[in-house]
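Participant: There's a structure below that I have some questions on.
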Amino acid sequence: MPSLDDGLWPRRFLALTVAALVAGVTAGGLLRVPQVDSSAVSLAAWLTIGVRPLAGRWWPPRDGQLHWRERVTGLDTVEPGLVARRSLAGWIDLAAEWVMLTMIGAVLLASLPEQGLWVDIVRPVLAVGVAAWLGRTAYAQARFTGQLALTASAIRHGRQVLDWTNIDRVSPHRRDGRLNGVRLRPAVWRSLQPAPVVGGRDTAVPEDRLIAAIEEYRFRPQDLAGEPADAQIRACTP
């Protein structure tokens, strides 16, 4: 169980409130979906499935900065650090995922017959399942400060937390021919998983600035406990 004095409970309650609101509104809306023609259901399903890949192909420019904050909410603690916000592409991806899940749930509910014992069971289960998934996503967005954070204790990207002491090399990561994040090669390989990648399309800070910031604090992350000096800010802004 989390400690009662870890300073994270206000943020947890806020995230739970947001998640409950999103889940409640989604479930209420899905339970009111009427039955529609099968051709319309098929068209909506195919359109929904096609939106997500198209959204992922759009790469708007990223020119964000890392901003120092006195209170950065992480996985297990609240501490000072540098924060990168979610990018425009990241928000579009998130919105596309929400729309896709909602539409799939609505399509499935609209394809159910109006009456039947099994329908009365499946309909609320399906609506609550979709609503719970969207609520979980909303909780994750409200739970943390920023999409990426550099603090004295760790590097965090979403829910992924990486230790400063196990970084051997920092390099740009390419995916499908595009720069998409920063690869942190471990000094000690503790699993067969590929080297972790932080930042990328969903983060507003471009790779060169993120690499500069990680290199600046890589061997002295304890300096992130205080507000960076002007020289350190310039070093993180190539």
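Participant: Is at least one residue of region 72-91 without any contact (Cβ under 8 Å) to a residue 24 or more places away in the chain and more than 28 Å from SER153 (Cα to Cα)? Reasoning before the result, please.
Facilitator: At the first step, the residues of region 72-91 found to be without any contact (Cβ under 8 Å) to a residue 24 or more places away in the chain are 91.
Restricting the remaining residues to those that are more than 28 Å from SER153 (Cα to Cα) gives none.
So far as region 72-91 goes, no, none of its residues is without any contact (Cβ under 8 Å) to a residue 24 or more places away in the chain and more than 28 Å from SER153 (Cα to Cα).
Participant: Restricting attention to region 199-220, which residues are farther than 16 Å from THR165 by Cβ and aliphatic (A, V, I, L, M)?
Facilitator: Filtering region 199-220 for residues farther than 16 Å from THR165 by Cβ gives 199-213, 216.
The answer is ALA204, VAL205, LEU210, ILE211, ALA212, ALA213.
Participant: For ASP63, indicate whether it is of a type outside the set (Lys, Arg), open to solvent by 30 Å² or more (accessible area, probe 1.4 Å) and touching an Asp or Glu at 6+ places or on another chain (Cβ under 8 Å). It would help to see each step written out before you state the result.
Facilitator: Details: of a type outside the set (Lys, Arg): yes; open to solvent by 30 Å² or more (accessible area, probe 1.4 Å): yes; touching an Asp or Glu at 6+ places or on another chain (Cβ under 8 Å): no.
So ASP63 fails the test.
Participant: Here's a follow-up. Which one is farthest from LEU162 (Cα to Cα), of the residues in region 66-124 that are assigned to a helix (DSSP H, G or I) and among the charged types (D, E, K, R)?
Facilitator: Looking only at region 66-124, we keep the residues that are assigned to a helix (DSSP H, G or I), and these are 88-110, 117-124.
Narrowing further to those that are among the charged types (D, E, K, R): 93, 97, 120, 123.
Working: ASP93: 24, GLU97: 26, ASP120: 46, ARG123: 41 Å.
Per the criteria, the residue is ASP120.
Participant: Would you call ALA187 of a type outside the set (Val, Ile, Thr) and more than 21 Å from the chain's Cα centre (by Cα)?
Facilitator: Details: of a type outside the set (Val, Ile, Thr): yes; more than 21 Å from the chain's Cα centre (by Cα): yes.
Criteria met by ALA187.
Participant: Whether any residue in region 96-115 is under 30 Å from ILE211 (Cα atoms) and of a type in the set (A, V, I, L, M) is what I want to check. Working first, answer last.
Facilitator: Applying the first criterion (under 30 Å from ILE211 (Cα atoms)) to region 96-115 yields 96-97.
Narrowing further to those that are of a type in the set (A, V, I, L, M): 96.
Taking every residue of region 96-115 in turn, at least one turns out to be under 30 Å from ILE211 (Cα atoms) and of a type in the set (A, V, I, L, M).
Participant: What tally of residues in region 102-123 results from selecting those that are open to solvent by 40 Å² or more (accessible area, probe 1.4 Å) and in contact with a helix residue (DSSP H, G or I) (Cβ under 8 Å, 6 or more places away or on another chain)?
Facilitator: Here is the first cut: in region 102-123, the residues open to solvent by 40 Å² or more (accessible area, probe 1.4 Å) are 102-104, 108, 111, 113-115, 117-118, 120-123.
Narrowing further to those that are in contact with a helix residue (DSSP H, G or I) (Cβ under 8 Å, 6 or more places away or on another chain): 102-104, 108, 111, 113, 123.
Selection size over region 102-123: 7.
Participant: Let me ask something else about it. State all residues of region 51-60 that are part of a helix (DSSP H, G or I) and open to solvent by 50 Å² or more (accessible area, probe 1.4 Å); if no residue qualifies, say none.
Facilitator: Kept after step one, since they are part of a helix (DSSP H, G or I), are these residues of region 51-60: 51-56.
Hits for region 51-60 are VAL51, ARG52, PRO53, LEU54.
Participant: Looking at THR48, THR26, which one is surrounded by 17 or more Cβ atoms within 10 Å (Cβ to Cβ), modelled with pLDDT under 85 and part of a helix (DSSP H, G or I)? First the steps, then the outcome.
Facilitator: Working: THR26 fails: modelled with pLDDT under 85.
Being surrounded by 17 or more Cβ atoms within 10 Å (Cβ to Cβ), modelled with pLDDT under 85 and part of a helix (DSSP H, G or I) holds for just one of THR48, THR26, which is THR48.
Participant: Give region 159-187 a look and list any residue that's without any contact (Cβ under 8 Å) to a residue 60 or more places away in the chain and either aliphatic (A, V, I, L, M) or open to solvent by less than 20 Å² (accessible area, probe 1.4 Å) (or both), or say none.
Facilitator: LEU162, TRP164, ILE167, VAL170, LEU179, GLY181, VAL182, LEU184, PRO186, ALA187 - these are the residues of region 159-187 that are without any contact (Cβ under 8 Å) to a residue 60 or more places away in the chain and either aliphatic (A, V, I, L, M) or open to solvent by less than 20 Å² (accessible area, probe 1.4 Å) (or both).
Participant: Sticking with this structure for a sec: Criterion first (out of contact with any strand residue (DSSP E or B) (no Cβ under 7 Å at 6 or more places or on another chain), open to solvent by less than 40 Å² (accessible area, probe 1.4 Å) and of a type in the set (Gly, Ala, Ser)) does ALA152 satisfy it? Before the answer, list the steps.
Facilitator: Working: out of contact with any strand residue (DSSP E or B) (no Cβ under 7 Å at 6 or more places or on another chain): no; open to solvent by less than 40 Å² (accessible area, probe 1.4 Å): yes; of a type in the set (Gly, Ala, Ser): yes.
Criteria not met by ALA152.
The values are calculated or read from the model by the stated rules, or taken from the named source; none is laboratory data. Remember, it's a predicted structure, so these values are computed and weren't measured experimentally. Backbone-built Cβ (ideal geometry, glycine too); neighbour counts: all protein chains shown. SASA here: full protein model, heavy atoms, side chains in, ligands and nucleic acids out. Shrake-Rupley method; radii C 1.70, N 1.55, O 1.52, S 1.80 Å.
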